[in-house]
Amino acid sequence: MNGSSMLRLSSSSFQSHPKRFFPKLIKSLISTASEVKIENILKTELKANEVKVDDISGGCGSMYSITVASPIFKDLTLVNQHKLVKRTLKDEIANMHGLTLVTKVSK
């Protein structure tokens, strides 16, 4: 095969299976409805100015990784920051199998 044939094969493979080639890029551009809902709750209820919600279950919504930064966390211990987030997301967490949580104090 010459170089142009290989390029056509790669291009063809990309067109038929783009998620195999750029999974992180595609994931960063597409959020699930649950991810958006959780993000909006945290921004509204905790006045969070940095929120990152990722469905790490493969798309079924049973496990999430959440990073949230809020000025509300300023005088709270790490444990109390996590408790506050969990209380805020009580209804959403009830449907989850697992949760990874990172909290930060922001200005």
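The values are calculated or read from the model by the stated rules, or taken from the named source; none is laboratory data. On a predicted model such as this, the values are computed, not experimentally measured, just so you know. All accessible areas refer to the heavy atoms of the entire protein, side chains included, with ligands and DNA or RNA removed. Shrake-Rupley method; radii C 1.70, N 1.55, O 1.52, S 1.80 Å.
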Between Lys86 and Ser62, what length in nm is gained on full extension when 0.36 nm per residue of separation is reduced by their alpha carbon distance?
7.1 nm
Using a 1.4 Å probe over the heavy atoms of the protein chains, calculate the carbon and sulfur portion of the accessible area of region 30-107 as a whole percent.
53
Which shape class applies to region 58-107: rounded if a/c is under 1.5, otherwise prolate when a/b exceeds b/c and oblate if not, where a ≥ b ≥ c are the square roots of the Cα gyration tensor eigenvalues?
prolate
